Amino acid sequence: MLQPIPKVQDEPHTDKRVVSKINGADILVKALRDQGVDTVFGYPGGAVLPIYDAIFKQNDIRHILVRQEGGAVHAAEGYARSTGKVGVVLVTSGPGATNAVTGLADALLDSIPVVCFTGQVPTHLIGNDAFQECDTTGITRPCTKHNYLVKDADKLARTIHEAFHVARSGRPGPVVIDIPKDVQLTPGEYVSPAQVTHKTYQPKTMPELDAIERAVELIADAQRPIFYTGGGIINSGSKASESLRKFARMTGYPVTSTLMGLGAYPASDPQFLGMLGMHGTYEANLAMHGCDVMINLGARFDDRVTGKLSEFSPNSKKIHVDIDASSINKTIVVDIPIVGDVGVAIEQMIKVWEKKKHSANKAALAKWWAQINEWRAKKCLAYKKSDTIIKPQYALERLRDLTKGVETFITTEVGQHQMWAAQFLHFDEPNHWMTSGGLGTMGYGLPAAIGVQLAHPGKLVIDVAGEASILMNIQEMSTAVQYRLPVKIFILNNQWMGMVRQWQELIHGGRYSESYTAALPDFVKLAEAFGGVGLRAKTPAELDGVIKQMMAVNDRPCIVDVCVDEKENCYPMIPSGRAHNEMILNSDQDISSKTPDEGLVLV
Amino acid sequence: MTDQIPQVIQRHVFSVIVDDEAGVLARVVGLFSGRGYNIDSLTVANVNKEQGISRITIVSSAVPQILEQIEAQLNRLVPVRKVVDLTSTGPMLERETALLKVNSTGEKRIEALRIADVFHAKTIDATLQSFIFEFSGTNEEINNFVELITPLGLIEVVRSGVVGIARGSKAIF
Ligand SMILES: Cc1ncc(C[n+]2csc(CCOP(=O)(O)OP(=O)(O)O)c2C)c(N)n1
Ligand SMILES: [Mg+2]
């Protein structure tokens, strides 16, 4: 399988102009080291053997062997999202690359910086339908921020440094570097990151001061303001979260957050209204609907957030800060667009606010808060408690209370459990909540938790899972066991694809087409078979004990099978195609009559 | 509160300056197909070998909000150096070249030649039964020419697609 390694040029003795060259695989490892990479998630194969050989010969970069390439990308996402660094992936050609595609699309939609190296068949075989050949750059073009095929070893180092720059700059995202096997074995010139600046890609991060000033004017004049914050604040870095907190306190205005932005503003703060959107809180959605000034900080008016576009917050002036100009006026036309880094923008807003000695309109604000508190009093997240059956919401409340005071990182799969986790687990710090928001990828949570745990050894990392989702990447249990990672998999086992069942119940006449998993594994035995710990809670009385047992496991993964009420639905809910003020609070209200025909086509 | 921009479809000409690297055209075309934008016409050619720069001219018809999106989305592509919406920026010139093969005899053949002459089309190939005319003009002028010559034996047309440039003394790049 291996080709003869071309002779590396001898060190030059006399001619100073000759630069020493190392082969492509060694260039890659050196470039990673110079980029400050300490961990690579990957899976070997024929087209990357020279790179694995180079990894074998060094100790600076730790390679984590996943069990499926899709797991590698999600693990890198978890690592990236919880550290603010770029996540790195290494996979082979053909099936290795295609398995990585879901993760790349996930990272693109959630703006997660990832650099993914894919092996490729040797240059002279490209286009020949060679063994394990696929058009990797073609396949990944629409699901990456950028990608490269490197055909010349002399350009490899430069390309890698550029790729890291592209992945982390502006709106972050995944970048693929496809490296033919012969390039990995050919000597090339190494250049350091300092020697490389991208010739054209320099995204604008400084907002226009003039727009900031107009925005602050509008903010100061507001009677019914709201901060609508998103994942951009997390991406901007912890300073952006600090600035947001400061600005919110200075103004006294209410704050809501998207799914991706949770943690940027502390959930425990009284100014926080909870998450907004399809399964957001009543108070957050009605405040969005009724506000007169909306301050969008690093969110993108996603369809899960806006509901029916034509009735979205009809009476507000809108400010939108986004580092990606294409996010502005894409679906919602705004009054004051601000292109730039959201952290910088908030800092500037604070400066202008202070300089102009602004203060909030006390009387109007008091009235607004009175209104909001009325909405809050609805207690939209209330659910029917039970002594006999575990309600999923109750399980999460217990998890929240028993982990209080312990630094905890939460990842999720996709479904009802994900929405309940967003509603019931309270996040007070950024980078502690990792979920697949944009793509909604079942199977994200376990590998992401592995990435998080590797970046934060000794910390509590929990994947809040559904029994259907967890089976999509269950093989990564084996990875967790290999590296003695004590990730916790907290399965809210309702035996159904709950979110699918909920939609079928509410808008498809209760025809439960293929949403029941008839042959689930015994998750306790499954955990044990992998070499982890398996626990089960069947009654509310057992729950606390099981959670404590789970938290005590510190040297291997632990699956907790929480048998929850299979009929529970996730509320509140804005039916598809409806506006914020048409939310449904509980099962007493009929959704099918509230879902307009045009809503049926929406997802 | 913000008035939504009126939903009238407009035809705009974009100039896109790109690094001349592998896959750049696929990125641009993929962006249009992936996001469901129209391409009325697309041309591309290298315009500066030394600096490795190509210039793409794209004509697209859409409502103003989408036209704004097209510009912003093109700007996101890493190898794109500059995007100019020539139609919005100011007075501009656009040209397209068409080659038309006309097969006819007798009266029709004479009439075809006469029409070509009126339009200042060049005759670049001739046989006893056919002509090939070369005609440059705006998209609309070519449409008119094609319309007139069609009943006179037009059997084949090839069009280059539109290229555009802003009027005046300033270069866009
Ligand atoms: C890869 C993938 N396939 C299909 C879906 C559609 N989907 C969304 S939620 C869901 C059900 C998830 O079930 P489970 O993991 O048990 O979570 P629950 O809703 O029951 O909490 C499905 C099938 C998806 N999001 N991702
Ligand atoms: Mg389920």
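Identify, by number, the condition in (1) touching a helix residue (DSSP H, G or I) at 6+ places or on another chain (Cβ under 7 Å); (2) among the acidic types (Asp, Glu); (3) more than 13 Å from ligand 1 (Cβ to nearest atom) that A:GLU429 doesn't meet.
(1)
Is it the case that some residue within the range A:525-537 is in contact with a Ser or Thr (Cβ under 7 Å, 6 or more places away or on another chain) and either at positive phi or of a type in the set (Phe, Trp, Tyr) (or both)?
Yes, that holds for at least one residue.
Of everything in the range A:41-53 that's surrounded by fewer than 22 Cβ atoms within 10 Å (Cβ to Cβ) and not in a loop (DSSP other than H, G, I, E, B), which residue is nearest to the chain's Cα centre (by Cα)?
Ranking the qualifying residues of the range A:41-53, first place goes to A:TYR52.
Within the group A:ARG511, A:ARG536, which residue is away from chain B (no Cβ under 14 Å), under 30 Å from A:ASN586 (Cβ atoms), away from ligand 1 (no atom under 15 Å from the Cβ) and in a strand (DSSP E or B)?
A:ARG536
Of all the residues that make up the range A:138-164, how many are among the small types (Gly, Ala, Ser) and free of Cβ contacts under 8 Å to residues at least 12 places away in the same chain?
1
Condition test on B:ASN46, is it within 30 Å of A:LEU149 (Cβ to Cβ), facing chain A (nearest Cβ under 10 Å), out of contact with any Phe, Trp or Tyr (no Cβ under 6 Å at 6 or more places or on another chain) and not in a loop (DSSP other than H, G, I, E, B)?
So B:ASN46 does not fit the description; no.
Restricting the search to the range B:97-155, which residues are without any contact (Cβ under 8 Å) to a residue 12 or more places away in the chain and among the hydroxyl-bearing types (Ser, Thr, Tyr)?
Of everything in the range B:97-155, those that are without any contact (Cβ under 8 Å) to a residue 12 or more places away in the chain and among the hydroxyl-bearing types (Ser, Thr, Tyr) turn out to be B:THR123, B:THR127, B:THR150.
Being polar (S, T, N, Q), within 7 Å of ligand 2 (Cβ to nearest atom) and not in a strand (DSSP E or B) is the filter here; which residues of the range A:491-507 pass it?
A:ASN494, A:GLN495
Scan (1) within 12 Å of ligand 1 (Cβ to nearest atom); (2) surrounded by fewer than 17 Cβ atoms within 10 Å (Cβ to Cβ); (3) touching a residue at least 12 places away in the same chain (Cβ under 8 Å) for the single condition A:GLN502 breaks and write down its number.
Failed condition: (2).
Kindly indicate whether A:LEU471 is more than 12 Å from ligand 1 (Cβ to nearest atom) and buried (at least 17 other Cβ atoms within 10 Å of the Cβ).
Here the answer is no, as A:LEU471 does not meet what is asked.
Taking only pairs six or more apart or across chains, which ones have beta-carbon atoms under 7 Å, a first residue in the range A:458-485 that is under 26 Å from A:VAL564 (Cα atoms) and touching a residue at least 40 places away in the same chain (Cβ under 8 Å), and a second residue that is more than 16 Å from ligand 2 (Cβ to nearest atom) and among the polar types (S, T, N, Q)?
Matching pairs, first to second residue: A:LEU460/A:THR403; A:LEU460/A:THR408; A:VAL461/A:GLN453; A:ILE462/A:THR408; A:ASP463/A:THR411; A:ASN473/A:GLN68; A:GLN475/A:GLN68.
For A:PHE427, work out the one condition from (1) over 17 Å from the mean Cα position of the chain (by Cα); (2) not in a helix (DSSP H, G or I) it doesn't fulfil.
For A:PHE427, the failing item is (1).
Where in the range A:139-253 are there helices (runs of 4 or more DSSP H), lying fully within it, with 2 or more residues that are away from chain B (no Cβ under 14 Å) and in contact with an Asp or Glu (Cβ under 7 Å, 6 or more places away or on another chain)?
A:231-236
Quick one: in the range A:484-499, which of the residues that are near ligand 1 (Cβ under 6 Å from one of its atoms) and within 9 Å of A:TYR516 (Cα to Cα) is farthest from the chain's Cα centre (by Cα)?
If we take residues in the range A:484-499 being near ligand 1 (Cβ under 6 Å from one of its atoms) and within 9 Å of A:TYR516 (Cα to Cα), then A:TRP496 is farthest from the chain's Cα centre (by Cα).
Would you point out the residue of the range A:435-475, among those that are hydrophobic (A, V, I, L, M, F, W, C) and assigned to a loop (DSSP other than H, G, I, E, B), that is farthest from ligand 2 (Cβ to nearest atom)?
Checked the range A:435-475; the qualifying residue farthest from ligand 2 (Cβ to nearest atom) is A:LEU439.
Of the residues A:TYR483, A:TYR516, which single one is within 14 Å of ligand 2 (Cβ to nearest atom) and among the hydroxyl-bearing types (Ser, Thr, Tyr)?
A:TYR516
So, in the range A:337-367, exactly how many residues are within 12 Å of another protein chain (Cβ to nearest Cβ) and either among the hydroxyl-bearing types (Ser, Thr, Tyr) or touching a His at 6+ places or on another chain (Cβ under 7 Å) (or both)?
Of the residues in the range A:337-367, 1 are within 12 Å of another protein chain (Cβ to nearest Cβ) and either among the hydroxyl-bearing types (Ser, Thr, Tyr) or touching a His at 6+ places or on another chain (Cβ under 7 Å) (or both).
None of the figures in this text is laboratory data; all of them are computed from the coordinates on show. Just so it is clear, the structure is predicted and the values come from calculations on it, not from any experiment. Cβ atoms come from the backbone with ideal geometry, glycine included; neighbour counts cover every protein chain shown.
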